[in-house]
Amino acid sequence: MTTRRRRAMAASLLTLALSAPLLDTAPPALAQSVQTSGSQVPYTSGLALPLPTGPYTVGRRALHLVDRHRTDPWVPRAGNRELMVSVSYPARGTSGSPAAYMTDDEAQLLLEARGLGGVVPAATVAGARTHAREGVLPAPGRFPLVLLSPGFSMPRTTLTSIADDLASRGYVVASVDHAYESVGTAFPGGRMLTCAACAQVHTREENAAVARGRAKDMSFVIDELTKPRRAGVLSRAIDASRIGIAGHSIGGAAAAATMAADHRVRAGVDLDGNFQLHPAATGLGRRPFMMLGAESTHSPGGKETDWPEAWPHLSGWKRWLTVTGAGHFSFTDLPYLAGRLGLPDPTVPLSGERGWDITRDYVTAFFDLHLRDVPQPILTGPTAAHPEVAFQP
């Protein structure tokens, strides 16, 4: 097969993969648990995530958290609810070793789910450079905490760029993998937990159950990270009076559900996700909330979005922003990496790099305003620097 034909085939597969709806549906379920080596490797492929833009070196630590007061909702026989959490944080110095993006096995399952198995080597994705370091101490001081929840069936690693950029700007960021809700996440003991939930979630009410379950997960993560006996030195780097949350797709629904259930969370962001719960966006009080999504699916009058339902229920500071040319995944790492591999999605006009710039600028501005009280002109109205972003309604 010629290089041109190979690239054309890959681009076609990528188009199908990235256009698969993940707002309310999921791909077919995979095996619930398989054995894996779980090997992580430092970056080796030449592929790299965007450079963080803040002044701090980024540290990374992976945590395995077990909520012994809850049974897993998707696989009850598995016992207690388990989470994998990557904590990115402002670091002291540049010691330590490079942090891996994901394991080879996680990368392989993600590529297969996106229709790219056998087209892009798993090692290429797993070996992507993340600009974070493991085994390095947090910088002095106490920093706001931001929680991140990925889209349904997507691993936490797809939000690595925003996690590391926020950490470089002085935030502790906890990216959460919810057990049995991703195509593949490595857990201790050589286990790879795959998407048992994907075969069980089809309706809005079932999606709402996902959001409510993730809200419990997020409250538990806050509990664990703010206890010195559990998180050690990381807990001392967190200012527990300044907590925010953001999520992509159903992770955005989880962000709103977490705020409704846990008043410790002061501010939230929904990245291109329906709220799922009905009535949408209730229980947040006057706490600030921002919706940032693709114009094609989340404009006023859209038939597939519940943002118009949510808007009047947000009684505090709020923004409804749409991005021209964006796709559902434009707010994650995936289009950026695909572009670097020479495989952009031809159905999404917005480049992966531009999608990253917009996501970074608006998410960071939101948390700087509401967790640090730093004025952000970018959030007051349209700007010449971001012509793709429209303020709704």
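A short reminder: the numbers here are calculations on the coordinates, not readings from a lab. If you're wondering where the values come from, they're calculated on a predicted model, not measured in any experiment. Cβ atoms come from the backbone with ideal geometry, glycine included; neighbour counts cover every protein chain shown.
Here are the numbers for this structure:
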read-out: The chain, dipole about Cα centre (Lys/Arg Cβ +1, Asp/Glu Cβ -1), debye to the nearest 20; value: 860 debye
read-out: Amide H contacts under 5 Å for I238, placed H, 5+ residues apart; value: F143
read-out: Gap separating the Cα centres of region 200-271 and region 357-393, nearest whole Å; value: 22 Å
read-out: Expected 222 nm ellipticity per residue - DSSP helices of 4 or more, -39500 (n - 2.57), all of the chain, to 500; value: -9000 deg cm²/dmol
read-out: R0 of 30 Å, Cβ-Cβ distance R372-R77: FRET efficiency to nearest 0.05; value: 0.10
read-out: Spin-label zone in region 200-231 - amide nitrogen under 18 Å from a point set 7 Å from the Cα of R68 along the C-beta vector; value: 220-231
read-out: At R0 = 56 Å, FRET efficiency that the Cβ-Cβ distance of R229 and E304 yields, to 0.05; value: 0.75
read-out: Among 297-304, 362-369, 102-109, the order from most to least packed when residues are scored by Cβ within 10 Å on average; value: 102-109, 362-369, 297-304
read-out: Nearby lysines by direct alpha-carbon distance to K216 (threshold 21 angstrom, same-chain neighbours under 8 apart not counted); value: K227
read-out: Farthest toward positive dipole pole in the chain [+1 Lys/Arg, -1 Asp/Glu at C-beta], among G135, W356, G283; value: G135
read-out: Electrostatic dipole magnitude of region 110-217 [Cβ: Lys, Arg +1; Asp, Glu -1; Cα centre; debye, to 20]; value: 220 debye
read-out: Where N is the number of residues in the chain, Cα Rg divided by 2.2 N^0.38 Å; value: 0.91
read-out: Estimated inter-spin distance, H313 and A384, nm [label 7 Å along Cα→Cβ]; value: 4.1 nm
